[in-house]
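The values are calculated or read from the model by the stated rules, or taken from the named source; none is laboratory data. Note that the structure is a prediction, hence the values are computed from the model and not measured. All Cβ positions, even for glycine, are placed from backbone atoms using ideal geometry, and neighbour counts span all protein chains on display. These accessible areas exclude ligands, DNA and RNA; they are computed on the full protein's heavy atoms, side chains included. Shrake-Rupley method; radii C 1.70, N 1.55, O 1.52, S 1.80 Å.
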Amino acid sequence: MGNIILKDPLWLAALLAVFAVVWLRGRARVPVLLVPFAAAWHRPSVIGRSRVPLCLAVAGLALLIGALARPQRVESKRETRSQGYDIILAVDLSGSMLSEDYVKDGERLNRLQAIRPVIQAFIEKRPSDRIGVVVFSGHAYTLAPLTTDHEWLAKQIARIKIGIIEDGTAIGDGLGIALTRLEQGRLEVAGKRKGAFIVLLTDGANNMGALAPMQAAAIAKARGIPIYTIGAGVDGYAPFPIFDDKGNKLGYTRIPADLDEEALRDIANTTGGHFFRAADTDTIESAFRDINQSQTIDFQAKSYLVTTELFPWLAGPGLGLLLLAALLARRGDRNRGPWAEPLPQAS
């Protein structure tokens with residue numbers, strides 16, 4: 001909305017002069033006819049008729065004086081010149097992500113439950129970036145293309161469920177889809193894609209898909225796109241829930257960790273990214289915090305004030321009221337009869 005200010009507020013002092021004239025005029029005597037009982041019916045008519053133009057004239061002058069004081073609306077504007085990053089989050093939705101080897105505030109969480117709020121917090125900290133999400137299991141799909149509508153993106157991430165895609169771990173295909181999405185919003189300098197990176201979250205080893213992870217890494221390197229890899233889950237065996245046909249949890253079994261840590265390190269090192277081992281919720285948060293700091297750019301912002309003159313909104317009505325007052329006063333003079341003329345006083 002902005003702030004309203006007066007550029008020349010000293011003009012408001014003129015209002016005192018206007019009110020003083022009106023006050024002095026009100027104290028002046030009104031002529032009274034010597035015709036018997038004439039004052040009882042004539043005086044209110046003369047006074048009532050004469051006050052309408054006067055009130056209109058005073059209001060018009062007040063508005064004109066307000067216009068001379070130059071009211072202005074001042075708004076602060078901020079212009080950002082630099083562009084943000086294009087980021088694709090590639091999230092593993094294989095069945096092993098149901099393993100409940102994370103604990104937060106005393107509550108056991110599966111790997112997706114542990115990662116989801118950290119992803120959402122990461123998105124909230126990068127309001128100027130375009131962010132998209134690719135999900136993969138046995139196949140890879142685009143959950144959300146690159147977008148700056150982070151509120152909508154958060155809703156899509158909240159809808160992610162394990163089991164909606166054929167089971168498996170197609171890491172290479174997930175990276176391939178992510179690279180394709182970044183290719184659609186490309187900005188190249190000397191043949192290299194600038195201002196883009198991928199964050200890969202998985203708990204397993206590639207066992208499905210048409211594209212090998214290192215093939216995808218080679219493509220990313222050629223395009224200048226770093227890949228940050230996060231390996232989820234604990235070493236050894238992890239508790240895995242067992243459900244009945246109605247989705248009720250019956251108990252747990254234990255499954256071995258299947259994380260290919262060496263492959264994730266190679267992907268990160270090949271592309272210029274970094275590998276993070278997220279064995280608990282704190283290290284997941286730490287991994288995203290490090291990524292956020294290493295892939296943040298400084299924006300050159302320009303602040304300025306936008307001033308809008310408001311005096312026409314006062315000057316126009318003020319002139320209109322003065323003109324109307326003049327017309328009414330002139331009409332009143334024409335309509336006055338001979339009985340309104342003041343009679344000579346008796347000697």
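Here are the numbers for this structure:
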item	result
Antiparallel DSSP beta bridges within the range 154-274, percent to nearest 5	65 percent
Projected label distance in nm at GLN156 and PHE243, using a 7 Å step from Cα toward the beta-carbon	2.4 nm
Net charge, ARG70 excluded, C-beta distance under 13 Å - Lys, Arg +1, Asp, Glu -1	0
Contour excess over end-to-end distance, with Cα ends at ARG108 and ALA13 and 0.36 nm allotted per residue	26.9 nm
The range 257-266 - phi-based ³J(HN,Hα) in whole Hz, Karplus 6.51/-1.76/1.60, Gly and Pro as x	5, 10, 6, 8, 5, 4, 5, 5, 5, 5
Greater than 27 Å apart at Cα, pairs in LYS104/LYS155; LYS161/LYS221; LYS161/LYS249	LYS161/LYS221
MET208 accessible area, 1.4 Å probe, all protein chains in place, Å² to nearest 10	60 Å²
Summed side-chain charge close to LEU314 - residues other than LEU314 whose Cβ falls under 14 Å, Lys, Arg +1, Asp, Glu -1	+1
Amide hydrogen neighbours beyond the local backbone of ASP260, cut-off 5 Å, H modeled	GLY204, ALA205
TRP23 accessible area, assembled protein chains, probe 1.4 Å, Å²	150 Å²
